[in-house]
Amino acid sequence: MTTSPSFVGFTSGAAARHEVANLLHTYVGIADARDVGAGVALLGDARVVFPAGGFDRREDASAFLAGLWGSVVGHRHDVHNLVVEPAVGPDGQPEPGRWRAHATYTRWMIDGAPRLHTLGEYDLVVAEDPWRIEELVVTRTWTE
């Protein structure tokens, strides 16, 4: 993955949105392929929260992702409405080099004809240099 230009600790919002979108869509592609090894490579050092659990240690990532993606039924995620903003700490001060993102998603099950299965949301904290996901929180607004 290439990185966008930064200028002495300053990354433009447009460049950050591009990088965050790349990370989120990389995750979605990995989830759709059910590639546990790639999931651990991308998220192993992150805090990951799903409605049914999660992990915050690399050594727990593989088992969690294998269970999460264990179904034999194919699925596909579509991401919508990505918003990326500079991260702000608990003290209200900007956190240079960190970004917060929110997106909605739909998940389709593919067992014969595709059917809508889940409507949900992704919340991320992403750090730059190198670009990486520090936190991924997945919520499900509706599921079949």
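Values in this text are rule-based calculations from the coordinates and carry no lab data. Predicted, not measured: the structure shown is a model, and the values here were computed from it. Note: ideal-geometry Cβ built from the backbone for every residue, glycine included; neighbour counts use all protein chains shown.
Each of VAL79 and ARG140 was given a label point 7 Å from its Cα along the Cα-to-Cβ line. The distance between the two points is 2.0 nm. Stretched out straight at 0.36 nm per residue, the stretch from ARG132 to ASN22 would grow longer than its current Cα-Cα span by 38.6 nm. Relative contact order of the chain, taken over Cα pairs closer than 8 Å and 6 or more residues apart, is 21 percent. The amide H of HIS117, built 1.01 Å from its N in the peptide plane, has ARG107, TRP108, MET109 as neighbours under 5 Å, considering only residues 5 or more places off or on other chains. Two tests apply to each whole DSSP H helix in the chain, Cα reach of 24 Å or more along its axis and mean Kyte-Doolittle hydropathy of at least 0.0, and the ones passing both are 13-33.
Couplings for the stretch 126-141, taken from phi via the Karplus curve 6.51 cos²θ - 1.76 cosθ + 1.60 with θ = phi - 60°, read 10, 10, 9, 6, x, 5, 7, 7, 9, 8, 9, 10, 10, 10, 10, 6 Hz in order; Gly and Pro are left as x. Averaging the sequence gap over all C-alpha pairs within less than 8 Å and six or more residues apart, then dividing by the number of residues, gives the stretch 15-84 a relative contact order of 34 percent.
Taking the Cα centre of the chain as origin, work out the dipole magnitude from +1 charges on Lys and Arg Cβ and -1 charges on Asp and Glu Cβ, in debye rounded to 20. Before the final figure, lay out the partial values.
On the way: 12 positive and 19 negative charges, 66 e Å.
The dipole of the chain has a size of about 320 debye.
Size of the chain from its Cα atoms: along the principal axes, largest to smallest, the extents are 51, 32, 31 Å.
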